[in-house]
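Okay, structure first, notes after.
Values quoted throughout were computed directly from the atomic coordinates according to the rules given, and no laboratory measurement underlies them. Since this is a predicted model, take the numbers as computed values, not measurements. Counting neighbours? That spans all protein chains shown, and the Cβs are built from the backbone with ideal geometry, glycine included.
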Amino acid sequence: MKLATSKTRGFASPGKYIQGRGEIDNLSFYTDKFGENVVIIIDGLLFDRYKARIETQYAGRKSVSFRRKDGEVTGAEIDSLILEYRGKGINSFVAVGGGKTIDTVKAVANAVRARMIIAPTVASTDAPTSGLSVVYKENGEHSHEVFLDNNPDIVLVDSEIIANAPARLLVSGMGDALSTYFEATCTEKSSFEAYISDEIGVSLVPTLLAKEIAKLCYKTLMRDGLKAKHAVENKTVTKALENVIEANTLLSGLGFESCNVSAAHAVHDGLTKLPRTKKFYHGEKVAFGVLVLLALENYEPEICNEVYRFCLSVGLPVTLGDLGIDEIVPEEIMAVAEETMRTPIIKTLPGAVHARDICDAIITADSIGRMYKSGKTL
Ligand SMILES: [Zn+2]
């Protein structure tokens, strides 16, 4: 995370993005393009269901194997999978599952020089499109990032599968996607490099396209977010749901990678300091981080009204209490602020910022959230 040292523009994306009802049943059509040796890695909880469904497409072909993925994304597991598959002539790896399955497959496929097809089963993360894997320690603590040589070859999203996943996961994805526009704006104002600069090792600034994608991501959530939640609650696939799946997966993914992350994600990292927030999803903590960003950047009341109303309508947190922090202890909030300051991504926030500013913004965002809950607005 550095100030941009050049005006060279850069943009990253997956090779192809396919999204629609029943698309998982077309998986073999896509893997066949890359060759017959295929490894399909499926989230442990979904393994039996999806192995049976996908197997029928390959009619007993011996060159196709299945494997289940349980637990964290760890360096040890990635290394052992690389050792197992290196030099075996695997043409493509397929990930069927959530962020942990996706990040494991991306790192392994990249290392053994195979194609990667990502089939997310939830729209709670923007991992499917990006050119990096986040690796954790056995105990769940963040360890490091693996930057890939290329973004995934194909992202294959089956909207029906997303519609059948818990609504809270889609909402959490909306919380993550909510940050994309505001964080892209921070990066632009502070003249920082785009996120892909770290991945590639070259100083790049965002393209016009990436900035428009970030705006479109926000607009789509405001327009269709609540309708999409209703669709998932009823396990139905509607146009609004398709739009929000695209916002959570494609627009948010492209937006963060080709612009950057900032205070909302930094506050998320700070909040993980408090064990009580552990049971909340990434996107739920990021959503509260967006409210803190609005306070830090002193956004106009119209925008604040729109964002708070949106969060309340879909059930994203607007107060610390919504994140399990019922009692506000000033020392604890300061500890969150200090942890927030320790993350390099806070640097993309325009102007000088100190832990005290973050602490005050957290307390203010929470207080405004309580006001909205009582029915008042700014
Ligand atoms: Zn995120």
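Using a simple spin-label model with pseudo-atoms 7 Å out from Cα toward Cβ, Ile200 and Arg68 lie 4.1 nm apart. For region 11-108, the square roots of the Cα gyration tensor eigenvalues, ordered a ≥ b ≥ c, give a/c below 1.5, which places it in the rounded category. If R0 is 25 Å, what FRET efficiency do you get for Glu338 and Lys278 from their C-beta distance, rounded to 0.05? Working from the Cβ atoms, E equals 0.85. Net charge within 9 Å of Ile24 by Cβ-Cβ distance, Lys/Arg positive one each and Asp/Glu negative one each, not counting Ile24 itself? That sum, taken over residues with Cβ under 9 Å, equals -3.
Extension gain, Asn298 to Leu209: 0.36 nm times the residue separation minus the Cα-Cα distance gives 29.4 nm. Protection proxy ranking of 209-218, 251-260, by the mean of other Cβ atoms within 10 Å over each peptide's residues and highest first, is 251-260, 209-218.
Between the alpha-carbon centres of region 342-378 and region 139-171 there is a gap of 28 Å.
Segment Asn26..Ser80, full-extension length gain: 16.5 nm, with 0.36 nm per residue of separation and the alpha-carbon distance subtracted. Calculated FRET efficiency, His354 to Lys219, Cβ-Cβ distance, R0 = 35 Å: about 0.60 to the nearest 0.05. The label-point distance for His230 and Thr8, in a model that sets each label 7 Å from Cα toward Cβ, rounds to 4.9 nm.
By counting other Cβ atoms within 10 Å of each Cβ, how are Met1, Met222, Met116 ranked from fewest to most?
Details: Met1 17, Met222 13, Met116 25.
Placing the least packed residue first, the sequence is Met222, Met1, Met116.
Between Glu36 and Glu138, what is the label-to-label distance in nm when each label sits 7 Å out along the Cα-to-Cβ direction? Going from the Glu36 label point to the Glu138 one covers 4.1 nm. Fewest neighbouring Cβ atoms within 10 Å first, the residues Ile54, Ile200, Ile24, Ile245 line up as Ile200, Ile24, Ile54, Ile245. Between region 277-304 and region 33-87, the alpha-carbon centres lie 37 Å apart.
If the chain linking Arg113 and Lys88 were pulled fully straight, counting 0.36 nm for each residue of separation and taking away their Cα-Cα distance, it would gain 7.9 nm.
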